[in-house]
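Read the structure below first, then the notes.
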Amino acid sequence: MIIKKQYYWGYLVVGLSLVLTYAIYFGSMWFYDDWYDHRLKYLAKIGSMGTTMLMCWALVLAARLPIVERLFGGLDKVYKAHRKIGELALYLIVLHPIFLALNPEFDFVRFFWIAQLPGEAEHYYFARMSGLIALAALVALTSLSLWISLPYHHWKQTHNFFGLVLVLVIFHAVVAQGQIMSYPLLGAWFAVWAAVGVCCYFYIRVLYRWFGPLHNYLVDHVRILGDITEVHMRPRDPNRKMAFHPGQFLYVSFDSPDLRSEPHPFSISSAPQAGNIRISVKKMGDWTKELPILKPGQRASIWGPYGKFGEHMTEHADKETVLVAGGIGITPFLSMVENADFQAGKYNKAHLFYSVQVPEEAYYHDEITDLGVKEEYLHYIPHSSDSEGYLTPEVIADRVGDLKTKVYLICGPKVLMDSLRDQLMKAGVPFEQIFTEDFSII
């Protein structure tokens, strides 16, 4: 059960698919008694086949499929897995050219020469060139995605090419006439996964805007709170509102000539029973800084809802919950504590820490206190790091009692979430009782 709660099932499935890939590969070689003369070539094949499988998985993870979200325990966890799998694919693919080059019969000039050599078979030339281009593209795109900080819209654009790289890899495998084409079971296995990967890529890049979980809304009004822009949206058809659970998030795109059209993810900061949907957006980049120009009546396309963050309160009904919000991380907790079921006492008692640098940045302090929720249901603790120091397990324990008997939901800057999680674990809180909502990777 702990494994399931900590989202390892998804990684287990990915790992099993890799194990099956290598089992089918080596099993086919054994069945056909078709072994290499040079052992280093096996490592080259392990790199290329593993990378191909992981590329397919990366596209599956990017498709926002409900079954995959359940498998990993939340879309933010899916995106973390997407990043880790992309990084592993990059490391694996390096094995392919290195261990091919270490074989005695490897011809460096023949392999890296761009122009077609005299007497070279056409299929070998296309296999060689498609492999080199795919390798260069995968290394470049993955490096851009993982280690170079890009504006959100540029980061999204780099992801638009990963499906094309997979198509190039498929082309390389076909024209190279290697083991994938020689062994029927191995070929069928990769054909299925390649088809799944390409379909997921086509769905998220082309079809998602029309066939995803789309809801049509209109901008109702915009409110500015310091460096936060609130966008309140109402459904175009009052009978077709998006149903969601507290703590979930959505993707939204606005039909405004002054904003780029790519969808952005934001937590829902309004309660499920509210008529309108509210998002609270901190001004961090060009797109978010332009949100105040939105006008009432402009169309808003909403995809969702996504996320499992709020479900941890109900999954751990035998424990009190500690909600830790760092700055704008208060948004999913607003949805939780303003939920009618929570205010009616249908959840366990929650302790809400709202941590900001200075009290003036606690823009939702009045909204929380005005709720009038009974102390037995909600224990609200505002915290200012400038005057009270950093939020630590000792500070939390002073207000909530025994740390080990609580469940922790943490949302805010990544440094806060990582640091507090590590400190809580050192204080004896089990790992499976600490949950974070992290979109710093997208």
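The values are calculated or read from the model by the stated rules, or taken from the named source; none is laboratory data. Here the structure is a predicted model, which means the values were calculated and not measured. All Cβ positions, glycine included, derive from the backbone under ideal geometry; neighbour counts span all protein chains shown. For accessibility, only protein heavy atoms count, side chains too; no ligands or nucleic acids. Shrake-Rupley method; radii C 1.70, N 1.55, O 1.52, S 1.80 Å.
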Q) By how many nm would the segment from A140 to K289 lengthen if fully extended, with 0.36 nm per residue of separation less the alpha-carbon distance? A) 50.7 nm
Q: Take the solvent-accessible surface of the protein heavy atoms, probe 1.4 Å, and return the percent of it on the chain that carbon and sulfur atoms account for.
A: 61 percent
**Q.** Label selected from (1) 0.93; (2) 1.01; (3) 1.14, the criterion being Cα Rg over 2.2 N^0.38 Å as computed here
**A.** (3)
Q: Send over a whole-number figure in Å² for the accessible area per residue of the chain, probe 1.4 Å.
A: 47 Å²
Q: Name the residue, out of G307, G372, G74, whose mean-square fluctuation peaks in a Gaussian network model built on the chain with Cα pairs under 10 Å.
A: G372
Q) What is the extension gain from A397 to R205, computed as 0.36 nm multiplied by their sequence separation minus the C-alpha to C-alpha distance, in nm to one decimal? A) 64.4 nm
**Q.** Estimated dipole of the chain in Debye, rounded to 20 [Cβ of Lys and Arg +1, of Asp and Glu -1, Cα centre]
**A.** 900 debye
Q | Spacing of the two label points (7 Å from each Cα toward its C-beta) at S261 and E375, in nm | A | 5.5 nm
Q.
Let's see if you can work this out: charge +1 on each Lys and Arg Cβ, -1 on each Asp and Glu Cβ, no other charges. What is the dipole magnitude of the stretch 233-298 about its Cα centre, in debye to the nearest 20?
A. 240 debye
Q: Mind giving me the FRET efficiency for R39 and L65? R0 is 45 Å, r the Cβ-Cβ distance, nearest 0.05 is fine.
A: 0.70
Q) Of V165, I85, T331, which is farthest along the charge dipole of the chain in the positive direction, counting Lys and Arg as +1 and Asp and Glu as -1 at C-beta? A) V165
(Q) For the chain, what does the relative contact order come out to in percent, with C-alpha contacts under 8 Å and a separation of six or more? (A) 13 percent
Q) Which residue fluctuates the most in the chain, going by a Gaussian network model with Cα springs under 10 Å, if the choices are A63, A344, A137? A) A344
**Q.** the stretch 351-419: GluC sites (Glu not before Pro) in DSSP coil with no more than 11 other Cβ atoms inside 10 Å
**A.** E375, E376
Q) Which value, in Å² and to the nearest 10, is the accessible area of D37 when all protein chains are kept and the probe is 1.4 Å? A) 140 Å²
Q | When each of K84/K308; K80/K404; K84/K282; K77/K346; K283/K319; K80/K282 is checked by Cα-Cα distance, pairs over 31 Å | A | K283/K319
**Q.** About the Cα centre, charge dipole magnitude for the stretch 362-435 (Lys/Arg +1, Asp/Glu -1 at Cβ), debye
**A.** 340 debye
Q) How much mean residue ellipticity at 222 nm does the chain get from its helices, if each DSSP H run of length 4 or more adds -39500 (n - 2.57) and you divide by all residues, to the nearest 500 deg cm²/dmol? A) -14500 deg cm²/dmol
